[in-house]
Amino acid sequence: MTMKASTRQVDGVTIVDLSGRITLGEGSVILRDTVREVVGQGNKKILLNLGDVTYIDSSGIGELVSAFTSVRNQGGELKLLNLTKKVHDLLQITKLYTVFDIRDDEAGAIKSFTK
Amino acid sequence: MGKRQAMNSTRVSYTLESSLESVNRAEQAAYDIAMKSGFDEEEVGRISMAVREATVNAVLHGNQYDPQKRVTVSFETSPDTLAVSVRDEGKGLNPGIIPDPLAPENLLKESGRGIFLIRAFMDEVRFRNMEPGTEITLIKHVRGVDRDNKEDSK
């Protein structure tokens, strides 16, 4: 299953809904291009909804880290929403669970961004 | 693809091009073989991901997408063990100098987690310098006790 990404705006937060596999190649490129585009439009509050992400490999993890640091370096915030167990476990094993702000409730996540 | 069968073990070998398509093929083969070998769904996912990561390393870092170079992925199954070997034809790898991706200075690096994940997901990981290339062997033991318990509970 290839990866798909779509964006929507809720209360000043850009939510990127991702589905499918974030792996080396197409999946990682789609994520990178989407985040780049969203940031390029001046959006600084970004919530990546991973609820329908079925699989992620080390390249996909690297892409999440890259998105996180590039948004932060531009004065923005990037948070993660709705991790599946598989993705949750991977972020825990790689100690990235402590790096990302991870949320499981969209409304709460939106409110958590700096006003 | 070659297939050899001994008394209690089966060996299947794939010779693949240095491409992303090969990575997907190796991952799918690992998934299918691990399923047949009696691992539970979570372990199957971990095994196929470890094989994917090993094949990515072979294609990307070993052979560097060189169309002249091949990746060989071999699966050897016995009643209690699955052993997967992934061999490239690249310049070789020194596993002793791979940085720790959990170190604070590496935590936010974009790459460098593949071998760490392989080690986390498999029971044993071995590297062999093949001159040219590297062979990584990933071993996972079937949890016999768990299997017995499942059968007992039927």
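The values are calculated or read from the model by the stated rules, or taken from the named source; none is laboratory data. All figures in this text were calculated on a predicted structure; none of them were measured in a lab. In this analysis, Cβ positions are derived from the backbone assuming ideal geometry, glycine residues included, and neighbour counts consider all displayed protein chains. Accessible surface areas use protein heavy atoms only, side chains included; no ligands, DNA or RNA. Shrake-Rupley method; radii C 1.70, N 1.55, O 1.52, S 1.80 Å.
Observations
- The stretch A:72-89, subset of a type in the set (D, E, K, R) and more than 14 Å from every other protein chain (Cβ to nearest Cβ), residue farthest from A:TYR55 (Cα to Cα): A:GLU77
- When B:ARG11, B:ARG25, B:ARG46, B:ARG52 are checked against the criterion of being within 28 Å of A:ASP89 (Cβ to Cβ), surrounded by fewer than 18 Cβ atoms within 10 Å (Cβ to Cβ) and among the basic types (Lys, Arg), B:ARG25 stands alone in meeting it.
- Per this entry, A:LEU18 is not counted among residues that are more than 30 Å from B:VAL51 (Cα to Cα) and either touching a Gly at 6+ places or on another chain (Cβ under 6 Å) or in a strand (DSSP E or B) (or both).
- In the stretch A:64-110, residue surrounded by the fewest Cβ atoms within 10 Å (Cβ to Cβ) [restricted to those that are of a type in the set (Lys, Arg) and under 22 Å from A:ARG21 (Cα atoms)]: A:LYS85
- Among the candidates B:LEU117, B:LEU102, the residue that is aliphatic (A, V, I, L, M), closer than 23 Å to B:SER37 by Cα and within 13 Å of chain A (Cβ to nearest Cβ) is uniquely B:LEU117.
- Residue, most open to solvent (accessible area, probe 1.4 Å), within the stretch A:37-62, restricted to residues that are more than 26 Å from B:VAL23 (Cα to Cα) and in contact with a strand residue (DSSP E or B) (Cβ under 6 Å, 6 or more places away or on another chain): A:LYS45
- The criterion of being surrounded by 19 or more Cβ atoms within 10 Å (Cβ to Cβ), more than 14 Å from chain B (Cβ to nearest Cβ) and not small (Gly, Ala, Ser) holds for A:THR34.
- Among the residues of this structure, B:VAL51 does not count as one that is within 14 Å of chain A (Cβ to nearest Cβ) and more than 11 Å from the chain's Cα centre (by Cα).
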